[in-house]
Structure formats: C-alpha cells, structure tokens
Amino acid sequence: MNPELPTPPSTNQPQQQQKFSLQVDSENKSTEFKIHSIAKPHMLAFHLSWFSFFACFVSSFAAAPLVPIIRDNLNLTATDIGNAGVASVSGAVFARIAMGTACDLVGPRLASASLILLTSPAVYFTSIIDSPTSFLLVRFFTGFSLATFVSTQFWMSSMFSTTVVGRANGFSGGWGNLGGGATQLIMPLVFSLIQNIGSTKFTAWRIAFFIPAFLQTMTAFSILIFGQDLPDGNFHGLKKSGEKAKDEFSKVLYHGVLNYRGWILALTYGYCFGVELTVDNIIAEYFYDKFNLNLRTAGIIAASFGLANVFSRPGGGFISDLMAKRFGMRGRLWCLWICQTLAGVFCVVLGLVGSLNVSVVVMIIFSVFVQAACGMTFGIVPFVSRRSLGVISGMTGGGGNVGAVITQLVFFKGSRFSKERGITLMGAMIIICTLPLFLIYFPQWGGMLFGPSSSKNVSEEDYYLSEWNSKEREKGSHHGSLKFADNSRSERGRKFNISTRPSEDVTPPQQHV
C-alpha cells in the first residue's frame, strides 16, 4: 500500500480500544456489529435509531387494522380509504429528501428527534377526527414521521464500517419496519381491551391512538438525551472545534442530485419498500373482505407480513455484506436484482391464488424477499457518495414512498381494479422496475455486467475525492472522504488483489492526509 495514504486502521488500535468498547477503523466506525450490546456510541445509536423508527411506523399505520371500524364511524367510502392510504405515504416523499439533507448538515440526532416531535401531535389529533377529510389529513401528517428511516440509515452508515454497514442498515431498518406488522397486532388488541373496559367501539378506537402517540413522543426525547451523531461526538460540537469541516448546502445537494446511481436506487427502492408500504395499508382489509375473517384474525395474518422484518431485512443486509466479501460491489448488485425479482414473481402469484392457506404462505414468502431487497438496497447506498450520503439516502428513501404513492393510486384507489388484480399487476411492476440495476456502474469496482475500468485506472480515492475541488482539498475538507475511500477497498472483493491495482501508486499529493 502506498505509504502516503492514511495509516491503516490496525496501527491505531491501542488508542481506539481505550476509547471504544468495539473494534473500529480509521474513521472510528465500528468494524463489529454486536446485536445484544448497548456499547456507546455505536450500538446505543443502533438501538435508539431502530426503536424510534419502529414507533413512527406504528403511528403511521395504526389506522390500517382499524379501518373496518373507522369507516363505519366516519362513513368512509372505498375512495376515501384509498385516498387516505395514499396520503399516509405521500407526506414522507419530500420529507425524506429534506431529512437526508438535514442529516448532512446538522446530524441524524437532531434531525430525527425534531421530526418525531413535529409529527406526534397528528397522532394525538386522530382521536378527535370526525370526517373523511380530517381522516386524510391526520394520516398525511403522521406519515411525515416515516422520514426518520433516512436518519436511521444515515446514522448507521456514520457509525459502522464498510464491512458491516449492510447488516447494520438492515437490522435498523428491518426492526423499525416491524412497526408495520406490530401495529396490526397492537391496535386491535388495545381497541379490544378498551372496549372490554366499557367503552363503545366508536370511542375505543379513538382512545387507542394515545398509545402510539405517547410511544413516538418518548423516543424523540430518548434520542436527544442519549444519542450521539458520530463516533467522535455530535455535529455541532465537532464543527465548533474544527474537527469536522463545515459543508455548504448547495454543494452537498449538487453532488447528490447529479449522481445517477442514487436515482436508479430510488426507482428500485420504490418497488421493494414502496410495495411494503402499500401492502401494510391494504393487506388487513384484503383478508377481512376476501375470506370473511373477523378483524382480529385478519390483523394477525396481516401482521405476519410486517413481522417478517425481524429477520428478512436484516438478512438482506447480511447477505449483501457476505456477497461483497467475496465478489465486491458487483455481488451486492447481483443479489439485490435476484432477490427483488423473485419478490415480484411471488407478488404476482399472491394475486392469483384463491385459497386462504395458500395465500398466507405465498404472502409470507413474498414478504421475505421484498423486505430482504430493502436491506440489500441500503447495503449499496452508503457507497454511492461520501460527501452527500444524506442526500442519496433521502433520495432513495423518498423513492420508496413515491413508489408506494404511484402503486396505490394506480392499483388500489377506488374500484378500478379488484385487490387481487391490483396485487398481480403490482408484482409485474416490481419485476420491470428492478431491471435498471443493470445500469449502475462504479468505475473502481464495476457493475453487474462489466468489471472495473481498466483504461482509466480509477481508484477509490479518485471516485470519492472527485466530489471536492482543489480549494476544498487545500483546506483539508476532503480528509473524511479520503479515509472512507481507504476503508471502502473491501468492495473490490477477494477476486481482486488490491496490491496489483495500478491506480494505487498515483494518488495526487493534495489528497494525502
């Protein structure tokens, strides 16, 4: 390795071990992921992030399992319910993009806690709605809280090294998404308990909304009190001390928006996570109406879709890391395409089967593949850009919500398609919209069809430092990107002998630390 490049992580271990409980790399990001640990700051950030996202997911979809009761109370039509479902996921489209930029500028801790506190009143207000319009509005504003997914993924990408970032993002996103399944169990149970105490059913569902509202509020205060933005401290303190360079909003946005890889991932994420959001909205009502089930049974079946996130999305992140270890970035891309395409196939089948037992089995298999694809997506996102990580995360996350909005508007709004037909067509859309993954190409690592560039001899440093101009490099603003470039060599995979890459020895002097 070129002696002028940053010192390898191993030479700093004695000092790092004194400071952190976990092994870390040259950026002080953890190279370990210990799920049962609450070690500060890495694993504590993990648990704060996934649980806050979980609480927001519960709030955003708390109405879905109670729709049969709410529709009778408010005289909702099928169109009203469809519009509200669209509203619940459309609010987060721009919120997620904004959240990504906010994370780049002020850090994930302050960005996520602020959004959670701003949206929690909408959950409380659900208890006093009295019309289809007010039902739509509370679902719209509650849905903004789903943008905390972006801060969750940004936070994990800031805390965990390249070799374990896929599983860190997979577990945090997957366990957060568990809220979509948990709310299918929690809300009918809370509703039944309140009704058994003596409330009428039209009063019980209103009181039930205080539970997710309170849970969401408490997670925001936990983040503010116990959370930390980066391994070395919070954004504000690090910028004030000069340890972290202050960046410009326009340049952060510029380098994120112009990276075409982010747009492709936004599209494909729209048909894994976007589909997951759509199913969370419709699945309980689908089983309730099609198979004449009672509310609680339909909720339990619907919950199994979201609860698969306990292992499926984390499994996707783990597989992404495993494939990268052997095949590099190309392995991450291939496993995402295969997994998401299979999800589309099982989605098509789900809409075609007519047996309750077969429908449940196919739904569970479908859920495993579509959620694993979500985890695999965010095994790739951290490598698209170092300087504009938040923007890329926001674009991708926002794409998930756009996909959900489009899918619900086209297939599940009103009575144009039966739900069975809509599910089948949604599966076809998954298959088609996953194909653009073949266009993603990293010059230093390659893509699905072609290997790394041999004519240009592009290195990791070339790729990540291209986001900084010469004046910014003279100021030292690029140092974080240089360290990340060094740590991201793992994306070459075992098939590449890193000592034989020609670009290793041509690093420009201004790039040295």
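The values are calculated or read from the model by the stated rules, or taken from the named source; none is laboratory data. Bear in mind the structure is a predicted one, so any value in this text is a computation, not a measurement. Note that each Cβ is placed from the backbone with ideal geometry, even for glycine, and that neighbours are counted across all protein chains shown. Please note that ligands, DNA and RNA were not included when accessible areas were found on the heavy atoms of the full protein model with its side chains. Shrake-Rupley method; radii C 1.70, N 1.55, O 1.52, S 1.80 Å.
So, of the residues in the range 328-364 that are open to solvent by 60 Å² or more (accessible area, probe 1.4 Å) and of a type in the set (Val, Ile, Thr), which turns out to be farthest from residue 272 (Cα to Cα)?
Selected residue: 358.
Here are 87, 98, 113: which of them is within 16 Å of the chain's Cα centre (by Cα), at negative phi and hydrophobic (A, V, I, L, M, F, W, C)?
Criteria check complete, one pass: 98.
Looking at the range 375-386, is at least one residue within 21 Å of residue 158 (Cα to Cα), open to solvent by 30 Å² or more (accessible area, probe 1.4 Å) and not in a helix (DSSP H, G or I)?
yes
Go through the range 155-164 residue by residue and tally those that are closer than 17 Å to residue 487 by Cβ and either modelled with pLDDT under 90 or part of a helix (DSSP H, G or I) (or both).
Going through the range 155-164 one residue at a time, the tally reaches 6.
Return the residues of the range 183-205 that are surrounded by fewer than 20 Cβ atoms within 10 Å (Cβ to Cβ) and either assigned to a helix (DSSP H, G or I) or modelled with pLDDT of 95 or more (or both); say none if nothing qualifies.
Step one: filter the range 183-205 for residues surrounded by fewer than 20 Cβ atoms within 10 Å (Cβ to Cβ), giving 185, 189, 192-193, 195-203.
Passing the criteria: 185, 189, 192, 193, 195, 196, 197, 201, 202, 203.
Would you check which residues across the range 482-505 are modelled with pLDDT under 85 and either within 29 Å of residue 248 (Cβ to Cβ) or in a helix (DSSP H, G or I) (or both) and list them?
Selection gives 498, 499, 500, 502, 503, 504, 505.
Looking for whichever is among the β-branched types (Val, Ile, Thr) and more than 19 Å from the chain's Cα centre (by Cα) here; the options are 133, 148. Which one fits? Don't jump to the end; show me each part of the working.
Details: 148 fails: more than 19 Å from the chain's Cα centre (by Cα).
Unique residue meeting the criteria: 133.
Among the residues of the range 424-465, what is the count of those that are assigned to a loop (DSSP other than H, G, I, E, B) and either at pLDDT 90 or above or on the phi < 0 side of the Ramachandran plot (or both)?
Adding up the residues that qualify gives 16.
Between a residue in the range 148-160 that is in contact (Cβ under 8 Å) with a residue 24 or more places away in the chain and of a type in the set (Phe, Trp, Tyr) and any residue that is part of a helix (DSSP H, G or I) and surrounded by fewer than 24 Cβ atoms within 10 Å (Cβ to Cβ), which pairs come within a Cβ distance under 7 Å, given they are 6 or more apart or on different chains?
Filtered contacts from the range 148-160: 154/389.
Whether any residue in the range 132-145 is of a type in the set (A, V, I, L, M), within 19 Å of residue 54 (Cβ to Cβ) and either out of contact with any Leu (no Cβ under 8 Å at 6 or more places or on another chain) or surrounded by 24 or more Cβ atoms within 10 Å (Cβ to Cβ) (or both) is what I want to check.
No - not one qualifying residue is present in the range 132-145.
Show me the helices (runs of 4 or more DSSP H) found entirely inside the range 223-292 where at least 3 residues are surrounded by fewer than 15 Cβ atoms within 10 Å (Cβ to Cβ).
So the answer is 235-241.
Residues in the range 376-384: is at least one touching a strand residue (DSSP E or B) at 6+ places or on another chain (Cβ under 8 Å) and either hydroxyl-bearing (Ser, Thr, Tyr) or under 25 Å from residue 323 (Cα atoms) (or both)? Give the steps one after another, and end with the answer.
Taking the range 376-384 and keeping what is touching a strand residue (DSSP E or B) at 6+ places or on another chain (Cβ under 8 Å), we get 383.
Keeping just the survivors that are either hydroxyl-bearing (Ser, Thr, Tyr) or under 25 Å from residue 323 (Cα atoms) (or both) gives 383.
Yes - at least one qualifying residue is present in the range 376-384.
Can you name the condition, by its number, that residue 169 falls short on among (1) in contact with a Pro (Cβ under 8 Å, 6 or more places away or on another chain); (2) under 20 Å from residue 480 (Cα atoms); (3) not aliphatic (A, V, I, L, M)?
(2)
Scan the range 444-457 for residues that are more than 16 Å from residue 487 (Cα to Cα) and either hydroxyl-bearing (Ser, Thr, Tyr) or buried (at least 19 other Cβ atoms within 10 Å of the Cβ) (or both) and jot them down.
Within the range 444-457, 446, 447, 452, 453, 454, 455 qualify.
Condition first: surrounded by fewer than 24 Cβ atoms within 10 Å (Cβ to Cβ), of a type in the set (A, V, I, L, M) and under 30 Å from residue 78 (Cβ atoms). Can you find one or more residues in the range 100-109 that meet it?
no
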